[in-house]
Amino acid sequence: MSDSAKRGLLIVVSGPAGSGKGTVLGSLLEDSEYRYSISATTRAPRPGEVDGVNYHYLTRQEFEARIKAGAMLEYTEYCGNYYGTPKKEAEAVLAGGCNLLLEIEVEGARNVKRAYPEAVLIMLLPPSFAVQEARLRGRGTETEEKIRERLARTREEVPCIGDYDYVIYNRDGRADEAVADIRAIVRAETCAIARNKNAAEDYFR
Ligand code: 5GP
């Protein structure tokens, strides 16, 4: 097997609120071939969130120092806070042969693709905007204002889907199918000739 085939895949998953990213990624992460990139952020921890588990919580000064030092694989400013992917951790996971999952928004996804054209960008969607709205209201965890804000953001983000490589629909009660779709994409991408450029040479070695 060629060395390039042993390097892990950089996988970006974006999706609007209510797309079920947490459930789908949680399921993939039960598999030791997948690792989750813990982002850095300047936003305050929400109740129940733990530093070093959900995010690395930094001050603006600390975050800006890391940007300056080139320590971020990508970063963006979202709703007044910085969010970014620590480069060193990501590189270590990929070099170790594990697939790295980045759960980030569209601007970050575009930045990843610019810096790492080999990254695979996946957009996870509810079956429709109407279903997404019903899910958000059904949760009953957010105020009407927050729901409207999230739906407005969806109208901005989903039209950016042309920058992505794949779209996956997370249908009600069928998250396992979305998980299977991601596994299938990863499997096919791993076999792509573009990722196995030395296949012939290695074969005759
Ligand atoms: P939240 O504050 O709800 O945890 O996250 C807000 C948004 O920031 C979500 O869309 C999430 O996917 C995105 N996000 C989280 N971490 C990163 C990151 O490292 N980089 C970028 N570009 N976006 C991120």
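The values are calculated or read from the model by the stated rules, or taken from the named source; none is laboratory data. As the structure is a prediction and not an experimental result, all values here were calculated from the model. Here the Cβ positions follow ideal geometry from the backbone for every residue, glycine too, while neighbour counts run over all protein chains shown. Quick note on the areas: whole protein, heavy atoms, side chains included, nothing else; ligands and nucleic acids left out. Shrake-Rupley method; radii C 1.70, N 1.55, O 1.52, S 1.80 Å.
Things to note:
- Annotation: amide H of S39 within the under-5 Å range of H56, sequence separation 5 or more or interchain, hydrogens built in the peptide plane.
- Solvent-accessible area per residue in segment 1-138 equals 48 Å², computed with a 1.4 angstrom probe and all protein chains kept.
- Here segment 134-205 has an Rg and Dmax of 19.5, 63 Å, counting Cα atoms alone.
- Listed residues V186, V13, V50, most fluctuating in the chain (Gaussian network, C-alpha, under 10 Å): V50
- Comparing mean-square fluctuations of E133, E177, E49 from a GNM of the chain with C-alpha springs under 10 Å, the top value falls on E49.
- Debye log10 I(q)/I(0) at q = 0.21 Å⁻¹ for segment 11-129, Cα point scatterers: -1.38
- Exposure ranking of T190, T85 by accessible area [1.4 Å probe, largest first]: T190, T85
- Of G70, G20, G108, the residue with the greatest mean-square motion in the GNM of the chain, using alpha carbon springs below 10 Å, is G70.
- Ligands, DNA and RNA excluded, the heavy atoms of C191 present near 100 Å² of accessible surface to a 1.4 Å solvent probe.
- A helix-only calculation puts the chain at -12500 deg cm²/dmol for mean residue ellipticity at 222 nm, using -39500 (n - 2.57) for each DSSP H run of at least four residues, averaged over all residues.
- Protein accessible area in the chain, 1.4 Å probe - carbon and sulfur %: 52 percent
- Lysine-lysine proximity count for the chain, Cα under 23 Å, sequence distance 8 or more or distinct chains: 13
- Y36-A188 pseudo-label distance in nm [points 7 Å out on the Cα-to-Cβ vector]: 2.7 nm
- Cα principal axis extents for the chain, largest first, Å: 63, 42, 30
- Normalised Debye scattering of segment 126-169 at q = 0.20, 0.24, 0.27, 0.28 Å⁻¹ gives log10 I(q)/I(0) of -0.69, -0.89, -1.01, -1.05, counting only Cα atoms as equal scatterers and leaving out solvent.
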